[in-house]
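The structure appears below as structure tokens.
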Amino acid sequence: MGGYENGDSPAAVAGEDGVILGVDGGTTNTVCVCLPAAMPPPESPAAVPVLARAVSGSSNRNSVGESAALETLEQVMTQALAMANTDRSAVRAVCLAVSGVNHPSDQQRMLEWIRDLFPGNAKFYVENDSVAALASGTMGKLHGCVLIAGTGSIAYGVTEDGKVARAAGAGPVLGDWGSGYGIAAQALTAVIKAHDGRGPQTSLTQDILKKLELSSPDEIIGWTYADPSWARIAALVPVVVSSAEDGDEVANKILHDSVQELADTVIAVVRRLRLCGEADEKDKFPLVLVGGVLEGNKKWDISGEVIKCISKVFPGTNPIWPEVEPAIGAALLAWSHHRKGLKLENGS
């Protein structure tokens, strides 16, 4: 579970009222959780009764292509239902929160696709994965800002009256430089520059060569283009952090620049939505932090440095590290929509 408490409950069963599916589709992997549709409102993260959890590969269509992305999504949902000893006919609502869903046309295509998968009157919701990440920190309430820094990066915010804004999240070509891909790509570039005399010498050279089991910087070019998938490149982030912790100036500059990029991404969203207040910009707002880049390191605390930068501008920043994973956030959103629908049907 990557450090998340998912509230797995062996006693939880699907029951006659059906199930809810929440999917967090990322550039590195895709997670689907299954919850009972009739569960009561959870009083705490540990109280979420997870029936099943399945994991598969990337479902970001911009990274792996639309066909492969949809295949992964179908596979992970099918697996979760099988693990919960139920089937598609029991599904009451699904929230697909998928990276690479950036436009209403993306949502519409995915909605048309998923409607063909499930019979009956199930309800479907398609969002960017940042929405599920925010919900994972607020237990299903969409208010505040979330910063995701994993293979890619994005900041997404929602006001209490439903206004939304986002920054970054456009992929590595268009500048997600605080992301895992961005950090690792800069490190690889620094090694090549050091090798051909365009940049300073750096311990990243030997550290990356050792990690990749290569003998010369020249071989990095072939390694990179043999499979330039985003997640494969981003997997080098721990090497960059380790080099920085050992005092390498080039690695430290890469991380400092990335911290500022991530902070600027959040600042842009918060300011556009006035989450910090209208006057002195000191109002409190939740900032949910998600993604491998933001996980704690021995010395180089990337998330801590990002929070410091943001708090200098917005003193009311309230950082939240979710106790449940984004897939549960997606499931809670689907469950909330389902529950509201039942209340409307019952006239309450």
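The values are calculated or read from the model by the stated rules, or taken from the named source; none is laboratory data. Treat the numbers as computed from the prediction; the structure is a model and nothing was measured. Neighbour counts run over all protein chains shown; Cβ positions are idealised from the backbone, glycine included.
Just to be sure, is Ile328 touching a strand residue (DSSP E or B) at 6+ places or on another chain (Cβ under 8 Å), assigned to a helix (DSSP H, G or I) and in contact (Cβ under 8 Å) with a residue 60 or more places away in the chain?
yes
Would you mind stating whether Lys210 is surrounded by fewer than 17 Cβ atoms within 10 Å (Cβ to Cβ) and not assigned by TED's automatic domain parsing to the domain that holds Gly292?
no
For the stretch 142-183, name all the residues that are free of Cβ contacts under 8 Å to residues at least 40 places away in the same chain and assigned to a loop (DSSP other than H, G, I, E, B).
Glu160, Asp161, Gly162, Gly175, Asp176
Scanning for something part of a loop (DSSP other than H, G, I, E, B), on the phi < 0 side of the Ramachandran plot and surrounded by 24 or more Cβ atoms within 10 Å (Cβ to Cβ), does the stretch 130-141 turn up at least one residue?
no
Which number in (1) crowded, with 22+ Cβ neighbours inside 10 Å; (2) modelled with pLDDT of 90 or more; (3) within 24 Å of Val164 (Cα to Cα) marks the one condition that Gln108 misses?
So the condition that Gln108 fails would be (1).
For the stretch 206-265, list the helices (runs of 4 or more DSSP H) that sit wholly inside it and hold at least 3 residues that are under 24 Å from the mean Cα position of the chain (by Cα) and of a type outside the set (Asp, Glu); which are they?
230-234, 237-245
Conditions (1) buried (at least 24 other Cβ atoms within 10 Å of the Cβ); (2) more than 17 Å from the chain's Cα centre (by Cα); (3) in a loop (DSSP other than H, G, I, E, B), marked per residue:
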position: Ala54; (1), (2), (3): no, no, no
position: Ala68; (1), (2), (3): no, yes, no
position: Glu74; (1), (2), (3): no, yes, no
position: Asn85; (1), (2), (3): no, yes, yes
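Residue-wise test of (1) of a type outside the set (S, T, N, Q); (2) crowded, with 17+ Cβ neighbours inside 10 Å; (3) out of contact with any helix residue (DSSP H, G or I) (no Cβ under 6 Å at 6 or more places or on another chain).
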{"site": "Asp301", "(1), (2), (3)": "yes, no, yes"}
{"site": "Val306", "(1), (2), (3)": "yes, yes, no"}
{"site": "Ile310", "(1), (2), (3)": "yes, yes, no"}
{"site": "Val313", "(1), (2), (3)": "yes, no, no"}
{"site": "Asn318", "(1), (2), (3)": "no, no, yes"}
{"site": "Trp321", "(1), (2), (3)": "yes, no, yes"}
{"site": "Pro326", "(1), (2), (3)": "yes, yes, no"}
{"site": "Ala330", "(1), (2), (3)": "yes, yes, no"}
{"site": "Ser336", "(1), (2), (3)": "no, yes, yes"}
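Take the stretch 1-46 and flag every residue that is at pLDDT 85 or above, among the polar types (S, T, N, Q) and under 23 Å from Gly180 (Cα atoms).
Asn29, Thr30 - these are the residues of the stretch 1-46 that are at pLDDT 85 or above, among the polar types (S, T, N, Q) and under 23 Å from Gly180 (Cα atoms).
Could you check the stretch 47-60 and list, in sequence order, the residues that are farther than 26 Å from Tyr181 by Cα and without any contact (Cβ under 8 Å) to a residue 60 or more places away in the chain?
Within the stretch 47-60, Ala47, Pro49, Leu51, Ala52 qualify.
I'd like to know if the stretch 275-285 contains one or more residues that are surrounded by 19 or more Cβ atoms within 10 Å (Cβ to Cβ), assigned by TED's automatic domain parsing to the domain that holds Glu213 and not in a loop (DSSP other than H, G, I, E, B).
Among the residues of the stretch 275-285, at least one is surrounded by 19 or more Cβ atoms within 10 Å (Cβ to Cβ), assigned by TED's automatic domain parsing to the domain that holds Glu213 and not in a loop (DSSP other than H, G, I, E, B), which makes the answer yes.
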